[in-house]
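Heads up: the structure comes next, in structure tokens.
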Amino acid sequence: MINQIIQKKVSITALASTSGRDYKYLDVEPYGVFVWSSTGTVDSIFVFAALNGGVWTYDVLSSKGVYKVSMAKILAGDAGDKTSVLNDIFAHSGVKTVLVDAQQTITLNLVLTIPSGKVLQIEPGGSFTGSGTINGGIMDISNVLASITEVFGGTITRNFDHVINGTLQYTNFGSFPVLGKTGKLYIDIATPAAYLWDGGTYVSTAGVGAGATVIVPVTSTPHNAAQTSGDIIFLINCTTAGGPVTINLPTAVGNAAEFTFKKIDAGADIFTVDPFGGETIDGETTAIVRFQNTAFSIKSDNVNWQRV
């Protein structure tokens, strides 16, 4: 087996006829890898029939199963419907997340079925158009300023299992944009306080009963979470805490709260969320976050904690 690092745009015109794809070029990042093998199975997404026999395999998956549409450019090249291609990508056993970015607009006119638990993640500039339908899966637009209606143009019908809208944080209320986005949670770090945009103004989420959003700055360790209801957002600053931070959860039994944890510092220290006793988070004994602006949310199933 011979590995070759490709550092330029590679023409695969001759290969296109044997692979059945509709593009003429494949853009390869400096770390892209083509692998030659004497045997193999062509699956039309990651493995292409090679000239003179064998297969070429393009490594487009990260170690966590993230398929980057902008890297592979499989959806680029024309404005035709790409529903079937996306269906093939999501159906691939190795794919957990399909990441759309690099100012790409993807046309969907048929039914896209996203398997339960898999994620369609949109980065700045990514968007969809067409008249198709999306069923199932998780929609993640937490990293873009646009609302979900702006990401999806045309008349695409959306039936996601769950939508992650994310939060936007600012140093103070006066730093908020003049016009907000519906479906986003705006955090005033100075107070701290949380607001929603109602189409004309920012409305505080405080004082609205069990569903109120509570912002909890975490600047020391360990921090013991004690809430049992409402939406609780922990903003973790490991730099201020002087090193790695541990958040101890209350028992999941009888807890109706939804906890969101977000690392807001740019340092190298991690924070760890540690469940009560022998309880777990998605079957794991702890959850760890390493990078700035990374966040996740959990809810209780009355036995353990599940990511949502």
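Amide H to amide H distances under 5 Å link Val253 with no residue, where only residues 5 or more positions off or on other chains count and H is placed in the peptide plane. Per the Debye calculation on the range 89-144 with a single equal scatterer at every Cα and no solvent contribution, log₁₀ I(q)/I(0) for q = 0.18, 0.27 Å⁻¹ amounts to -0.60, -1.23. Relative to the current alpha-carbon distance between Val308 and Glu150, full extension at 0.36 nm per residue lengthens the span by 54.6 nm. Pairwise Cα distances in the range 117-198 exceed 22 Å for 30 percent of all pairs. Using θ = phi - 60° in the Karplus curve 6.51 cos²θ - 1.76 cosθ + 1.60, the 3J(HN,Hα) couplings for the range 122-128 round to 10, 9, x, x, x, 7, 10 Hz; x is entered for Gly and Pro. The stretch between Thr294 and Thr191 holds 34.9 nm of extra length on full extension. This uses 0.36 nm per residue minus the Cα-Cα distance. How would the range 62-165 be classified by its alpha-carbon gyration tensor: rounded, prolate or oblate, with rounded meaning a/c under 1.5 and the a/b versus b/c comparison settling the rest? Rounded. Let me know the whole percent of all Cα-Cα pairs from the range 181-308 that are separated by more than 25 Å. Of all Cα-Cα distances in the range 181-308, 25 percent exceed 25 Å.
Between Asp81 and Ser127, what is the FRET efficiency for a Förster distance of 22 Å, r being their Cβ-Cβ separation, to the nearest 0.05? For Asp81 and Ser127, the calculated efficiency is 0.90. Residues whose amide H comes within less than 5 Å of that of Val163, counting only those at least five positions distant or on another chain, are Met139 (H built at 1.01 Å from N in the peptide plane). Inter-label distance, Phe276 to Ser204: 3.0 nm, where each label sits 7 Å from its Cα along the C-beta direction. Placing a label point 7 Å from the Cα of Ala226 along the Cα-to-Cβ direction, the residues of the range 253-268 with a backbone N closer than 17 Å are 255-257. Across the range 295-308, coupling constants 3J(HN,Hα) worked out from phi with the 6.51/-1.76/1.60 Karplus curve, θ = phi - 60°, read 9, 8, 10, 9, 9, 8, 9, 6, 10, 9, 9, 10, 5, 10 Hz, and Gly and Pro carry x.
No lab work stands behind these numbers, since they all come straight from the coordinates. The structure displayed is predicted, hence computed values, not measured ones. Cβ: placed from backbone, ideal geometry, glycine included. Neighbour counts: every protein chain shown.
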